[in-house]
Amino acid sequence: MPTATPSPHDRQAAWRQPTNPFATRCVRPAALRFRFDQTGVDLESLVEKLRSQSAVGSVIVGPHGSGKSTLVAHLSGKLQDDFSSVQTKTLRIGDPTRGFIRWAIRQPAGSLLIVDGLEQLDSFRRWALLFVCRLRRIRCLATAHAPLPGFCELHRTAATIDLAKQLASELLSQDKLRIAAAHDFIDQIWDDLDGNLRELWFAMYDWYQAEALASR
């Protein structure tokens with residue numbers, strides 16, 4: 001019986017499909033659903049809390065790799081109707097920041113500025129940002145590793161080993177035979193990662209590659 005020849009589109013789609021469930025496209029902030037570790041706290045309650053805060057600046061606080069970027073990405077989608085525009089800026093170590101305040105000034109009144117990694121700005125630029133927000137009637141939602149003067153804390157994030165295992169199990173939903181081994185691997189390395197899920201996914205990617213090679 002003749003078999004159908006895959007179309008170029010099918011071959012291209014298969015080539016793009018990641019075989020490693022811990023690849024970047026699978027674990028990036030927008031790809032994972034944020035999990036709350038506090039009873040009664042969810043996206044809707046945080047949206048209401050943000051609406052009720054009188055400060056122009058609010059901040060999500062948490063250590064490296066604890067889900068701040070994932071949470072703020074999900075909040076962004078919930079806040080589109082509350083503001084004239086929602087603009088996102090991600091700041092990483094070493095990024096130039098000289099033009100940041102000019103970028104903020106150019107945003108229309110009634111906007112929400114989401115700044116992921118606000119601690120990359122020096123204190124002068126952070127205070128300048130708050131001044132611009134008050135002047136332009138703009139709100140700012142930021143993420144940082146520690147509380148920031150002038151910013152009202154919206155939420156604190158923290159990653160636990162149970163959460164790490166839950167997420168790993170979901171990422172391995174198409175390869176469930178490896179879940180137990182994945183949990184064992186997480187047990188071995190978790191204490192060395194200081195609760196950093198981002199570093200965990202890097203390690204899990206290498207672990208999965210080694211597991212796949214060993215099973216061939």
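Since every read-out is calculated from the coordinates, none of them should be taken as a lab result. Please read all numbers here as calculations on a predicted model, not as lab measurements. Cβ atoms come from the backbone with ideal geometry, glycine included; neighbour counts cover every protein chain shown.
As an exercise, use a Förster radius of 41 Å and the Cβ-Cβ distance of residue 106 and residue 187 to find the FRET efficiency, rounded to the nearest 0.05.
Working: r = 49 Å, r/R0 = 1.20.
Computed FRET efficiency for residue 106 and residue 187 comes out at 0.25.
In vacuo Debye scattering of the range 123-203, one point per C-alpha: log10 I(q)/I(0) at q = 0.17, 0.19 Å⁻¹?
Each listed q corresponds, in turn, to -0.74, -0.82.
Measure off 7 Å from each Cα along the Cα-to-Cβ vector at residue 33 and residue 194, then give the distance between these two points in nanometres to one decimal.
It is 3.1 nm.
Quick one: order 26, 140 by neighbouring beta-carbon count within 10 Å, fewest to most.
Values: 26 14, 140 24.
Fewest-to-most ranking of 26, 140: 26, 140.
Sort 122, 82 by Cβ crowding within 10 Å, fewest neighbours at the top.
122, 82
How high is the FRET efficiency between residue 146 and residue 211 when r is their beta carbon distance and R₀ equals 41 Å, given to the nearest 0.05?
Numbers: r = 37 Å, r/R0 = 0.90.
Once the sixth-power term is evaluated, E becomes 0.65.
In the range 169-197, which residues have a backbone nitrogen under 18 Å from the label point lying 7 Å from residue 26's Cα in the Cα-to-Cβ direction?
169-187, 197
For the range 43-156, just run the numbers: alpha carbon Rg, then divide by 2.2 N^0.38 Å, N being how many residues it has.
Normalised Rg, Cα atoms only: 0.96.
Identify which of 201, 127, 103 has the largest mean-square fluctuation in a Gaussian network model of the chain, with springs joining Cα atoms closer than 10 Å.
Highest fluctuation among the options: 103.
Would you mind computing Rg(Cα) / (2.2 N^0.38 Å) for the range 159-216, counting N as its residues?
The value comes to 1.05.
Mind checking the full-extension length gain between residue 202 and residue 127? Use 0.36 nm per residue of separation minus the Cα-Cα distance, one decimal, nm.
23.5 nm
At a threshold of 8 angstrom on Cα-Cα distance, excluding pairs fewer than six apart, so keeping six or more, what relative contact order does the range 159-216 reach in percent?
Worked out over the range 159-216, it gives 34 percent.
Sequence neighbours fewer than 8 away in the same chain don't count; with that in mind, list the lysines whose C-alpha is under 23 Å from residue 165.
List returned: 68, 176.
I need the helices of the chain that pass two filters: whole DSSP H segments spanning 18 Å or more by Cα along the axis, and mean Kyte-Doolittle score no lower than -1.0.
Counting only whole DSSP H runs, the qualifying helices are 123-136, 179-193, 197-214.
Sort 143, 97 so that the residue with the fewest other Cβ atoms within 10 Å of its own Cβ comes first and the one with the most comes last.
Fewest-to-most ranking of 143, 97: 97, 143.
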